[in-house]
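Reviewing the structure listed below.
The values are calculated or read from the model by the stated rules, or taken from the named source; none is laboratory data. Since the structure is predicted, the reported quantities are computational estimates derived from the model, not experimental observations. So basically every Cβ, Gly included, is an ideal-geometry build from the backbone, and we count neighbours across all protein chains shown.
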Amino acid sequence: MLKPNEVASIIAQSRPEKPISLPLSLDHSDNICRTTLKGEPQLAADHILHREMKGKLNETVGRVIRQLNLEFVGSMPSSKDSKEASRKNTQNRGWAYQVLMEIALNLAGIESRMVGFSRDEVRKAYEHILYTLKVWEHLERKGGLTASRISVAEAVVKKLINDMKKVMKGAGMVAKMGEEIEKGLEEKNLAASFVSEAKKVIRKNIYYSMGVKGLGKFGNDYAIGLRYLRHLGYAQVSTNPVLAARAYEDDVSLWEDFKEVVKNHPEWQGSPEDFADEIAMEATKTALWPNLAVFRPIALLSKLHHGLVSYQLNPNVAESLEGSLKDALAIYSSAQEFLRNYDSHLLWGYSQDGERGRPNMVFKVAGAYPSSIQITKDLNSLGIGTNNTVTYTVSQEATLIMAAMEGMAAALKMGISPTQVYETNMGGRLESHLRDLEAERLLTEALGKAKDRDKSLRELAQTLGATEELQELSSFKEKVGVVSSYKYLKSLTHPDFVEVIAGARIRGYSKEKASAFLGNLECDIGYAGTLVAQKVYRIFFSQENRARWVSYLEKQFGLAKAQAEEIMDKIDLLPASKRKPNDTYFTLARKNMTNTEFPNHQQSVLEASYQKEFSLSDFEDAILRDHDPKILSRLLKLPDFRKAYELTPELEEKLGRVGIRDDFGERGLEVDEWPTFGSVVKTMREFTDAYNTFR
């Protein structure tokens, strides 16, 4: 008989066959059972997410339960079992529990709506699963639980809850969902109550409501916790060097998977520094492949319109056309090999319609350099989608969307269906940049009037917790920049910052007036990212301009109307790096919009929906909502916002050829200025440092 800690350890450390062998199944239920018992219960559960399963769901789930029930009953613990037999039987029962729980969650989530299952077949299959889970757990308690004092069900539920809590070390929305589910667990029906509580938590979530009502699509700026987000309707995940590193910090089991990769590369052992980029790529793939798998069903259901994984190219070669394409093609080829095998199980027994093995992946191309225009064109011409990132300005985003259009048109001319394309709008980072500039300008001016500027700066730094970093700097300007940064100064209305500004009498003669001025400035800057996103969206996706783009694409590239419309349907604006809930709510749109969120921001959006005055209907197509023109007028006085918001003469001329004319302004960021724009410099430094540290 296994000890209590051994049961939990077996379940926690269970690993699938590597590599999982090609299927030799007899029917759908047999495929699900075989895949489950090879250690892939999530892949097995996702096999039901196919439109050809409609009308067959109850029959298939019933057959799965019959086969797994035989396995479950036959593997109940016995005093005559060897240690290895006990371990294998425990593992199999754990996988049996998990596959039924995962199928139930697929039915509770938005996925079942995408497939088109009827309510009746979903209800019946769900009820059969819950009943079976209760029966199994009762069997465990009846058949020797008192000896081991822990059930396999308990170990499985504990593992699932702990995995949820890993997201952002407990601060993310999925982690909070796990805590809420845990509170509702029934001691004698742990597996069934986990499923029931998870269904409640999913269905009452604001993201589920927005997904069901078609008010917007969402992406995740994090590498773990994705299945629960998929149940909520999330359709995209972004990665970058920072996020890859965090994934290994939050989910240490990734290191165990990566150790298996290392075993296949003995050449790394002698001089790993010579293979740094290759090792970093393989480590990122280890964290990335599960993301491809999670979103694979909805990617196939939508013909690569949803379920995309955004992969960040090596920032050290981001400026190089040749280097970026080489990296992209290597990763893409590797992903294709992985998915060919994966799809053989996921799609076993279904018709051969569709393109199996084609990666549900797009590449994040840093819009920090002029070369990003050609990289975007070339990748899209190959049918490989892009997600332009490090983009903050209307001129960057408009230029790169047009580059993607040209590449997608070239693909269509060759008979290649294009992949979804994203244009990131890093509004939060733009706002942080503008806020830092204004804070630095005001603090510099205030300290210039102080009796002892160095003493005043040291005192403010001490209050904000920046003393240690200041000691490493020599110039006064650098020190002011650090103290003014969002890293330490979280709000312009911080009492000690207000006191310094008020004391210099540069914005009013009292703390109250200085605080009011700083509060209004911060509020204005808080609209900057939304206003940039709104302008880009209107240029391309407003009803009147969308029709102009379809007509332009037809004439410019010799496309059929359906082809031009496919291009327009497969381009989404991607607001990112959010700082507050309204950064999401103000950019909602039914079409051509995917909001990507960090886990802690997701929680803030969720909590905002609990407010008494909140009404989701107020935000339908909010991206087209007009905001106070006085805010825009004040923001345009900030030089870097004007660069971010206005167009260039060249862009105005190009839009004019499409038939889009307006007072766009002509002092926007020029292409040759992209690498030196403040937000670009900060972000590329962060991404490059993170990548090199990860290497």
How about segment 344-388: which of its residues are in a helix (DSSP H, G or I) and out of contact with any helix residue (DSSP H, G or I) (no Cβ under 9 Å at 6 or more places or on another chain)?
S344
Might you check whether a residue that is under 30 Å from H305 (Cβ atoms) and either surrounded by 14 or more Cβ atoms within 10 Å (Cβ to Cβ) or not β-branched (V, I, T) (or both) occurs anywhere in segment 140-153?
no
If you check Y488, Y527, which single one turns out to be surrounded by 14 or more Cβ atoms within 10 Å (Cβ to Cβ), under 30 Å from T584 (Cβ atoms) and without any contact (Cβ under 8 Å) to a residue 40 or more places away in the chain?
Y488
Among the numbered criteria (1) part of a loop (DSSP other than H, G, I, E, B); (2) surrounded by 15 or more Cβ atoms within 10 Å (Cβ to Cβ), which one does L655 miss?
(1)
Counting just the residues of segment 179-203 that are surrounded by 24 or more Cβ atoms within 10 Å (Cβ to Cβ) and more than 19 Å from V135 (Cβ to Cβ), which one comes out farthest from the chain's Cα centre (by Cα)?
I181
When every residue in segment 218-277 that is more than 19 Å from N600 (Cα to Cα) and aliphatic (A, V, I, L, M) is compared, the one surrounded by the most Cβ atoms within 10 Å (Cβ to Cβ) is L254
Any idea which of S432, S456 is surrounded by 17 or more Cβ atoms within 10 Å (Cβ to Cβ), more than 29 Å from A528 (Cα to Cα) and in contact (Cβ under 8 Å) with a residue 24 or more places away in the chain?
S456
Residue set E544, E512; condition free of Cβ contacts under 8 Å to residues at least 24 places away in the same chain, out of contact with any Phe, Trp or Tyr (no Cβ under 7 Å at 6 or more places or on another chain) and outside the structural domain of D436 (by TED's automatic domain parsing); output residue E544
Does T393 count as buried (at least 24 other Cβ atoms within 10 Å of the Cβ) and either assigned by TED's automatic domain parsing to the domain that holds F476 or over 19 Å from the mean Cα position of the chain (by Cα) (or both)?
yes
Can you pull out every residue in segment 458-470 that is within 16 Å of A502 (Cβ to Cβ) and either of a type outside the set (V, I, T) or outside the structural domain of Y486 (by TED's automatic domain parsing) (or both)?
E459, L460
Scan segment 562-593 for residues that are basic (K, R) and assigned to a helix (DSSP H, G or I) and report the count.
0
The lone exception for A96 - which of (1) of a type in the set (A, V, I, L, M, F, W, C); (2) surrounded by fewer than 20 Cβ atoms within 10 Å (Cβ to Cβ); (3) under 15 Å from I11 (Cα atoms) it fails
(2)
Report, by residue number, each residue of segment 44-56 that is buried (at least 23 other Cβ atoms within 10 Å of the Cβ) and assigned to a helix (DSSP H, G or I).
A44, A45, D46
Test set (1) farther than 26 Å from T393 by Cα; (2) assigned to a helix (DSSP H, G or I); (3) basic (K, R) - R435 fails condition number
(1)
Considering segment 460-476, residues that are part of a helix (DSSP H, G or I) and free of Cβ contacts under 8 Å to residues at least 24 places away in the same chain, and then whichever is surrounded by the fewest Cβ atoms within 10 Å (Cβ to Cβ), we arrive at E468
Out of the residues in segment 320-343 that are part of a helix (DSSP H, G or I) and of a type in the set (S, T, Y), state the one that is surrounded by the fewest Cβ atoms within 10 Å (Cβ to Cβ).
S333
Out of curiosity, is V73 crowded, with 21+ Cβ neighbours inside 10 Å, in the same structural domain as K159 (by TED's automatic domain parsing) and within 22 Å of A153 (Cβ to Cβ)?
no
Just one listed residue, out of D689, D618, D640, is of a type in the set (D, E, K, R), touching a residue at least 40 places away in the same chain (Cβ under 8 Å) and not in a loop (DSSP other than H, G, I, E, B), and it is D640
Sole residue being over 19 Å from the mean Cα position of the chain (by Cα) and not polar (S, T, N, Q), chosen from L379, L300, L313, L308:
L379
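Let's see how each residue does on (1) touching a Pro at 6+ places or on another chain (Cβ under 6 Å); (2) closer than 20 Å to Y228 by Cα; (3) assigned to a loop (DSSP other than H, G, I, E, B):
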site	(1), (2), (3)
G62	no, no, no
L68	no, no, no
K80	no, no, yes
T90	no, no, no
M101	no, yes, no
E127	no, no, no
T132	no, no, no
E140	no, no, no
Checking the condition out of contact with any strand residue (DSSP E or B) (no Cβ under 8 Å at 6 or more places or on another chain) and outside any helix (DSSP H, G or I), which residue from S515, S456, S491 passes?
S491
